[in-house]
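Notes follow once the structure below has been shown.
The values are calculated or read from the model by the stated rules, or taken from the named source; none is laboratory data. Since this is a predicted model, take the numbers as computed values, not measurements. Glycine also receives a Cβ, built like all others from the backbone with ideal geometry; neighbour counts cover every protein chain displayed.
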Amino acid sequence: MKILVLTFYYKPDLSAGSFRTTAFVDELKKLVDKDTQIEVITTLPNRYHSFEQQALASEIVGNVTIRRIKLPIHKSGMLDQSRAFMMYAFEVLRIIRSNDYDLVFATSGRLFTAFLGALVARKTKAKLYLDIRDIFTDTLKDVLKNRFLRLLILVFLQVEKFTIRSACRVNLVSQGFLGYFKIVAENQNFSFFPNGIDSEFLDYDFRKPGSTSKEIILYAGNIGEGQGLEKIVPGCAQALSDCEFWIVGDGAARLKLESALQQQNVSNVRLLDPIGRADLLRLYSQCDYLFLHLNDYSAFEKVLPSKVFEYASTGKPVIAGVSGYARDFIENNVKGSVVFDPCSVDGFIQAFKALPKTMVQRDEFIEKYQRQNIARKMAEELLLI
């Protein structure tokens, strides 16, 4: 048997998609016999241009062949990312031209890799399993303001319909996605394997090593349109002048955030470039609270940020500006967390006052959402289609 895995990000790249798919392949190769070939086609690390990570363009580890496509340096904006994906897609189609596959697994944070998986599966007559990590088309109506560009949504809706209906099974990382995708493909078979907690977080001591003059509120992750940090961080930092905010990451909206901080003369926010996971674990231990935020777009009422699982594993109090499914999930599952309405500075301040001031035991949550276990179950399901 030959299995193709399509993922835009893979180890050692720094992204939720990379961590998720790497764990999935690690579990998949344990479940198949030695004659089964697994081929991963991905890209050389490119998630953040401010974070460099070296990787081989091609490597073979046991029965897993990894091919990493080199992309030009690109920014995090939609146009640059679309160009990068087109190059990735072109190279994938070239690589698979003379190959046959029994199964195609495509994991997609946006619609593109899922669509590519549908094309490859159709061309090779393989069975298709999709892992959908975001609702790209639904988000566009909030992001695209130009009337002409909004016409693209009609095109993407048709692409989305073709893609989802091409699969034998579709996994949704958030159960909040189900209502949307049931309309797209009413008779599709849906599963719900969420993101999870990676092994590096399970045995790490996140207790703060010493006291600091100011309490530290940390955000780590993408700084994009979807996070809307420029709408919330400056006002919160001004209101909580006795705290220090650490923002770790990069993205298309970082300049917006920097500009907003400068315009409002905010001095208690530190902007740090993306860092490796070992360094990130150390920063988590040094902070007092962890901060999560999504923009106030209606499409985000369906999502469940992958950062929820990472944050919860640390035992630190979590303050989250989210709505919809994510709000329900955090309130019902993450002890020691407080949720407020996205983009509301007043809401943040009230939520911050209600946060516990000590670390929180979340043993049951950690046991339930270990990434390795979730990845194994999804790999088992792939082999059954």
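A few remarks follow.
- Matching residues, the range 295-313, being touching a strand residue (DSSP E or B) at 6+ places or on another chain (Cβ under 7 Å) and among the hydroxyl-bearing types (Ser, Thr, Tyr): Tyr311, Ser313
- Filtered residue count, the range 231-246, keeping only those that are buried (at least 22 other Cβ atoms within 10 Å of the Cβ) and either at positive phi or not in a loop (DSSP other than H, G, I, E, B) (or both): 4
- Some residue of the range 142-150 being buried (at least 18 other Cβ atoms within 10 Å of the Cβ) and either in contact (Cβ under 8 Å) with a residue 40 or more places away in the chain or in a loop (DSSP other than H, G, I, E, B) (or both): no
- Inside the range 29-77, residues that are of a type in the set (Ser, Thr, Tyr) and either touching a Gly at 6+ places or on another chain (Cβ under 8 Å) or in contact (Cβ under 8 Å) with a residue 40 or more places away in the chain (or both) make up a count of 4.
- Scanning the range 208-252 for residues that are aliphatic (A, V, I, L, M) and modelled with pLDDT under 95 yields a single hit, Ala252.
- The number of residues in the range 27-80 that are at pLDDT below 95, within 19 Å of Arg110 (Cβ to Cβ) and either aliphatic (A, V, I, L, M) or not assigned by TED's automatic domain parsing to the domain that holds Phe8 (or both) comes to 3.
- Residue count for the range 314-333, restricted to those that are touching a strand residue (DSSP E or B) at 6+ places or on another chain (Cβ under 6 Å), buried (at least 21 other Cβ atoms within 10 Å of the Cβ) and part of a helix (DSSP H, G or I): 1
- Considering the range 97-122, the residues that are surrounded by 23 or more Cβ atoms within 10 Å (Cβ to Cβ) and polar (S, T, N, Q) include one that is nearest to the chain's Cα centre (by Cα), namely Thr107.
- Meets criteria (surrounded by fewer than 20 Cβ atoms within 10 Å (Cβ to Cβ), in contact with a strand residue (DSSP E or B) (Cβ under 8 Å, 6 or more places away or on another chain) and either over 21 Å from Gln372 (Cα atoms) or polar (S, T, N, Q) (or both)) for Lys208: no
- Looking only at the range 178-193, and only at residues there that are hydrophobic (A, V, I, L, M, F, W, C), touching a residue at least 24 places away in the same chain (Cβ under 8 Å) and outside any helix (DSSP H, G or I), the one that is farthest from Phe112 (Cα to Cα): Phe193
- Of everything in the range 255-276 that is touching a residue at least 40 places away in the same chain (Cβ under 8 Å) and surrounded by 15 or more Cβ atoms within 10 Å (Cβ to Cβ), the residue that is nearest to Val143 (Cα to Cα) is Pro274.
- Considering Thr107, Thr139, the condition of being at pLDDT 85 or above, in the same structural domain as Ala167 (by TED's automatic domain parsing) and either part of a helix (DSSP H, G or I) or not acidic (Asp, Glu) (or both) is satisfied by Thr107 alone.
- Of the residues making up the range 293-312, those that are outside any loop (DSSP other than H, G, I, E, B) and crowded, with 23+ Cβ neighbours inside 10 Å are His293, Phe300, Val308, Phe309, Glu310, Tyr311, Ala312.
- Residue match in the range 348-361 (condition: free of Cβ contacts under 8 Å to residues at least 12 places away in the same chain, assigned to a helix (DSSP H, G or I) and outside the structural domain of Phe136 (by TED's automatic domain parsing)): yes
- Verdict on Ser174 being of a type in the set (S, T, N, Q), out of contact with any Asp or Glu (no Cβ under 7 Å at 6 or more places or on another chain) and modelled with pLDDT of 95 or more: yes
- Scanning the range 22-57 for residues that are part of a helix (DSSP H, G or I) and in contact with a Leu (Cβ under 9 Å, 6 or more places away or on another chain) turns up Phe24, Leu28, Leu31.
- Residue list for the range 163-177, filter: surrounded by 15 or more Cβ atoms within 10 Å (Cβ to Cβ), part of a helix (DSSP H, G or I) and free of Cβ contacts under 8 Å to residues at least 60 places away in the same chain: Thr163, Ile164, Ser166
- Within the range 347-377, the residues that satisfy the criterion of being β-branched (Val, Ile, Thr) and either under 25 Å from the mean Cα position of the chain (by Cα) or exposed (fewer than 12 other Cβ atoms within 10 Å of the Cβ) (or both) are Thr358, Val360, Ile366, Ile374.
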